[in-house]
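A quick write-up on the structure given underneath.
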């Protein structure tokens, strides 16, 4: 039982009460009045000096949102959210549009230091590691700093807050914003479209391999604020970009709403790798507080042979409602989804993916590991579908779940829909799927069955973790390096 | 609470008023209340996502009123047959006189009129299945059917066949319900035959309620066939298993129109075991939905499901299988497998295997695949001189038979294999 004990110990060590990013920063901030109405939408738009088309777009989304019912199909339970009891805009007060880090409030810089996010380029350069990461730091509703912008610009890569992109590259924003997740998509995405504050914008031009990892670090700080970030990444023909996202929030007794939208567009032969380590405050061991993480993430493999890969390590949030998806539109395009979701305390996770095969010879792969402890409920919900014209589509799905303790639950809800005979779909959800052959091989070499199991399963989880870029893999491994022995379904 | 709005639901409401006068008013009222809460299920109801009954049943056909005399019925099995024709149990067409000792039969209508407590409580489905509007509708509107009681310890050698047919020349609705109760340690083989004898688009809502006392054993073969383009059949099975009880079941769906077989099984005693296998032979515009909920309520239960969907033309196959493991149902062992073959460009398969697990020391898994015939295997056979269609037939047959292998009754196995061969020979002939 050694391996299992280790697992239990590891999961307990990410006990919700031991949340180490739970501090809050005492910083003066400017907020919009509480509540939501057309004036608030206009206020946010005006704050960001947006062009008329965007203001109109937001207002249209807001009006649409008013007519939409809240979704209730996910296996999560929470008291009704009072959308009028939230602040929809909060920004740390500082000199308008800091030109350099020297103008940024030192309190803010200290916050990111405490979070371990490097915002000073020289510090990064002086470091031992040779790999560099450009960071966009979003604090409540605004982006406070973006690093390495000049160097990226040399390669032609645009990496900036989306509010800045609206000013500097309006044609790109107008062309792609809402083209993957339409403003009318779903309750939370529509709300986001109305009130989105900041987020990152990335454009990688034709044939460019982005010279470094791009990263955004989201931090909710203010009380009673919702964070509605919007990220848009466009990889033009033949380009490549790897993007990382991290998130934390202070420990508070109240629940806070985080309703983000992420849109990815991959044109011909382009590749986008999107990784998330989600560590929002999960609430305390009694289930008080924590972030409601209601997120719409979708990638559109618009071009031929394009490739989008989602990797997520989910350990935070009181409630997660999140299905990073791929629309495999271009012939020969590929989608991947690798996920490890760990839930403890009273956390509820309803997460998974959608792989919609529209083009010919499209391929997708889903690997999902759910771990449930304490009184948590962990659901995998995924859809794989093949359109009539998706000749030669392929999918492989594997979902494993592990339960630790009597009071938690693990659920699997896959929807597998095929309208094409040449589409080949395989779905498995099993108890630690270890082949007899592998076990036999390892035991032949002197390992006990237990050790052999641990070895094989650990190796398998590592495979998923290895989908993460180096910098994140280390962080994720710290969060979880878990053996999945004894898992179910 | 009553929020039925559509015309269809108003028609059903008038059916209910009519049936309420015919016995078991309390049971019907509770069921009608449950149905009223949901109404006819549309795609927005999660468990009916792939079968839009609200659209299909937008015009409920009039309730069947059978006054048909004796008529010859097709007979496929050497069985003790109990016939329900056009919504009415027909003792005159049934093998009542040949029933062996230990088997007691009466019509549902009589049973409802007598209102015996144990029968009534067995008919009321309070737990599993209570969430299904169409099963509730069946309980609210049940016209007739049969009640079979098998004495404790009785081992019935010959199969008991519950045959339900529609024969009307015009569209009609039937709501039938059979109740089979097996006493402790009793054993029986049951055949459930659901067929149509006419070309009228029938709307048949049938339910079989099975109660297995401790250590009882049932082998059940269900055969859904017949139907025309506009016909609708929902065949529900509600099974309760006490400790050590075992059910072993296979269902074959073929024909035309819309067929939905829904299975709600509750393993209510320790070490109960359930096997639900099945195959669908889809042709034309058949819409065949198998929806299954296996509820492990007690420890050490075992469940196995193995389904094969073979879909040609524009047929649509649906498999939704949910395994629930309740808190405390430790040592549960569940495995579910659903495989589908798409034989035409227009066929569709929707698979939704689900797990809902609240106990940690369990072994549960599922697998689902969908694709077409393996090219290499086809090549192997055609290279040996088999015409392509025959080669395909051979592979399809093997694919279908995988789900039948576990059946113990050789005669029934032969019957089912024969159905597959007939279906395939029609395919070769085209």
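Is there a residue in region B:81-103 that is in contact with a helix residue (DSSP H, G or I) (Cβ under 6 Å, 6 or more places away or on another chain) and either buried (at least 20 other Cβ atoms within 10 Å of the Cβ) or over 27 Å from residue B:168 (Cα atoms) (or both)? Yes: region B:81-103 contains one or more residues that are in contact with a helix residue (DSSP H, G or I) (Cβ under 6 Å, 6 or more places away or on another chain) and either buried (at least 20 other Cβ atoms within 10 Å of the Cβ) or over 27 Å from residue B:168 (Cα atoms) (or both). Within region B:9-42, the residues that satisfy the criterion of being touching a helix residue (DSSP H, G or I) at 6+ places or on another chain (Cβ under 8 Å) and in a loop (DSSP other than H, G, I, E, B) are B:22, B:23, B:24, B:39, B:40, B:41, B:42.
Looking only at residues of region A:431-456 that are surrounded by 20 or more Cβ atoms within 10 Å (Cβ to Cβ) and at pLDDT below 65, we find that the one that is nearest to the other protein chains (Cβ to nearest Cβ) is A:431. Every condition in (1) buried (at least 16 other Cβ atoms within 10 Å of the Cβ); (2) at pLDDT below 95 holds for residue B:118 except the one numbered (1). Tallying residues that are without any contact (Cβ under 8 Å) to a residue 40 or more places away in the chain, more than 20 Å from the chain's Cα centre (by Cα), within 10 Å of chain B (Cβ to nearest Cβ) and assigned to a strand (DSSP E or B) within region A:356-395 yields 3. Filtering region B:313-336 to residues that are under 28 Å from residue B:254 (Cα atoms) and at the interface with chain A (Cβ under 10 Å from one of its Cβ atoms) leaves B:316, B:317, B:318, B:319, B:320, B:322, B:323, B:334, B:335, B:336.
Scanning region A:307-326 for residues that are more than 21 Å from residue A:75 (Cβ to Cβ) and surrounded by fewer than 24 Cβ atoms within 10 Å (Cβ to Cβ) turns up just one, A:309. Condition test on residue B:373, is it at negative phi, at the interface with another protein chain (Cβ under 10 Å from one of its Cβ atoms) and assigned to a strand (DSSP E or B)? Answer is no for this residue.
Yes or no, residue by residue, for (1) assigned to a helix (DSSP H, G or I); (2) within 15 Å of residue B:282 (Cα to Cα):
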position: B:386; (1), (2): no, no
position: B:394; (1), (2): yes, no
position: B:397; (1), (2): yes, yes
position: B:400; (1), (2): yes, yes
position: B:404; (1), (2): no, no
position: B:407; (1), (2): no, no
position: B:413; (1), (2): yes, no
position: B:421; (1), (2): yes, yes
position: B:425; (1), (2): yes, yes
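Table: residues versus (1) free of Cβ contacts under 8 Å to residues at least 12 places away in the same chain; (2) crowded, with 18+ Cβ neighbours inside 10 Å; (3) under 23 Å from the mean Cα position of the chain (by Cα); (4) part of a helix (DSSP H, G or I).
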| residue | (1), (2), (3), (4) |
| --- | --- |
| B:317 | no, yes, yes, no |
| B:323 | no, yes, yes, no |
| B:344 | no, no, no, no |
| B:353 | no, yes, yes, no |
| B:356 | no, yes, yes, no |
| B:359 | no, yes, no, no |
| B:380 | yes, no, no, yes |
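Based on this model, can you work out whether residue B:349 counts as without any contact (Cβ under 8 Å) to a residue 60 or more places away in the chain and more than 7 Å from chain A (Cβ to nearest Cβ)? Spelling it out, it is not the case that residue B:349 is without any contact (Cβ under 8 Å) to a residue 60 or more places away in the chain and more than 7 Å from chain A (Cβ to nearest Cβ).
The values are calculated or read from the model by the stated rules, or taken from the named source; none is laboratory data. This one's a predicted model, so the numbers in the text were calculated from it and none came from an experiment. All Cβ positions, even for glycine, are placed from backbone atoms using ideal geometry, and neighbour counts span all protein chains on display.
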